[in-house]
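Structure first, then comments.
The values are calculated or read from the model by the stated rules, or taken from the named source; none is laboratory data. Since the structure is predicted, the reported quantities are computational estimates derived from the model, not experimental observations. Positions of Cβ are generated from backbone atoms using ideal geometry, with glycine treated the same way; all protein chains shown enter the neighbour counts.
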Amino acid sequence: MSSDNNTKHAILGFLRDYAGTIPPVAAVMIGTLAMYSAHYPFETPAAKLAFMCIVASFSIVAIVAILYSNHLVVADRDARTAKKKHIREQLGKFIEDGNALKSRCEDSALPVPLADANDWNRRVETFLETELGHSYVIRFRDRTGIFQSEIINGDDAHTYMWSAFYNFLFRLEQFSQQFPI
């Protein structure tokens, strides 16, 4: 059963990779057969019928390959759109959660949410690494190009944490803009 699945996946993989080349090949074959029939007329009705069946078979294969190739294009487009949507939705969730944590940093009467911040940061970086690649993690950590902002009347720990969230959220907003739907 496993070898049957492997064979099936190999055939589907081959068709996925080469479906676009089948129609031109079939067209060349049909053209070659048309030239053959023009130069060597068929002597029996059975030979003519066999020739017509061969040409019809090539035509059907070409039509199926065109339809399958178009299906692959549409499926790929839909998969890319779904992935973009998933990425934007998750970035939006991270922005929402990060804003809530940043708001907690504005009140110096509350403890600095260090454990929650570390957990949020770990989840964001894991998502970025998995879905977008390591370069996004590097950019997420980088403060280059971000106007530095601070809260007023906060102690050093709250101000530092608020500023860190400001920078992280700024970067997540940038990433979100890279994935229009």
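Overview of values
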read-out	value
Subset of segment 105-134 (residues that are closer than 22 Å to Gln90 by Cβ, out of contact with any Leu (no Cβ under 9 Å at 6 or more places or on another chain) and among the acidic types (Asp, Glu))	Asp119, Glu125, Glu129, Glu131
Test: Phe14 is among the aromatic types (Phe, Trp, Tyr) and either exposed (fewer than 10 other Cβ atoms within 10 Å of the Cβ) or in a loop (DSSP other than H, G, I, E, B) (or both)	no
Flag if Gly98 is touching a residue at least 24 places away in the same chain (Cβ under 8 Å), assigned by TED's automatic domain parsing to the domain that holds Gly133, on the phi < 0 side of the Ramachandran plot and under 24 Å from the mean Cα position of the chain (by Cα)	no
Those residues of segment 113-122 which are surrounded by fewer than 18 Cβ atoms within 10 Å (Cβ to Cβ) and either of a type in the set (Gly, Ala, Ser) or outside any helix (DSSP H, G or I) (or both), in sequence order	Ala115
Check on Ala46, over 30 Å from Ile181 (Cβ atoms) and either in contact (Cβ under 8 Å) with a residue 40 or more places away in the chain or in contact with a Pro (Cβ under 6 Å, 6 or more places away or on another chain) (or both)	no
Cβ-Cβ under 7 Å pairs, at least 6 apart or on other chains, segment 144-164 side assigned by TED's automatic domain parsing to the domain that holds Leu114 and free of Cβ contacts under 8 Å to residues at least 24 places away in the same chain, far side buried (at least 17 other Cβ atoms within 10 Å of the Cβ) and among the basic types (Lys, Arg)	none
Residue within segment 140-151 that is of a type outside the set (Lys, Arg), under 21 Å from Asp119 (Cα atoms) and surrounded by 10 or more Cβ atoms within 10 Å (Cβ to Cβ) present	yes
